[in-house]
Amino acid sequence: MENRRLVVAREGEQDDRMKTFIFKGEGHTLGNALRTLILKNPDVIFCGYTIPHPSENKLHLRIETREMSAVDALREGLEQLQSLSDHVLETFETAVSDFKSKQMEV
């Protein structure tokens, strides 16, 4: 896996609709969030993740789709997660700013 943070297990597999992705340095937080978002795609048949062993800092994410490629399903899931994270951060920062300005009024 060298220094790459994401690799495709058994890259030589012929079927682009079934892939296992290995994320180096990731765990349950990313795995569960991605799995949840990817499963909302109606073209996805299966999406699950495992942490092979607690002493290994790796996440295996398996995606199987009907028509679209598993790489495209992963890309969409990552984009949705980025968008969701941006929204949560903006909402949080706005709430903190509002709280601080109300504290100054008191």
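The values are calculated or read from the model by the stated rules, or taken from the named source; none is laboratory data. On a predicted model such as this, the values are computed, not experimentally measured, just so you know. SASA here: full protein model, heavy atoms, side chains in, ligands and nucleic acids out. Shrake-Rupley method; radii C 1.70, N 1.55, O 1.52, S 1.80 Å.
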Q. Mind checking the angle between helix 70-105 and the chain's longest principal axis? C-alpha axes, 0 to 90 degrees, to the nearest 10.
A. 10
Q. Tell me, what is the per residue accessible area of the chain in Å², probe radius 1.4 Å?
A. 69
Q: Would you calculate the volume per residue, in Å³, of the smallest convex hull containing every Cα atom of the stretch 1-101?
A: 117
(Q) Heavy atoms of the protein only, probe of 1.4 Å, neighbouring chains included. What is the accessible area of residue 45 in Å², nearest 10? (A) 100
Q | Stretch gain in nm, segment residue 88-residue 33, where the contour uses 0.36 nm per residue and the Cα spacing is subtracted | A | 18.4 nm
Q) At a 1.4 Å probe, what is the % contribution of carbon and sulfur to the accessible area of the chain? A) 54
Q. What list of ³J(HN,Hα) couplings, whole Hz, do you get for the stretch 13-25 from phi and the Karplus terms 6.51, -1.76, 1.60, once you set θ to phi - 60° and write x for glycine and proline?
A. 4, 6, 7, 6, 8, 10, 9, 10, 9, 10, 9, 8, x
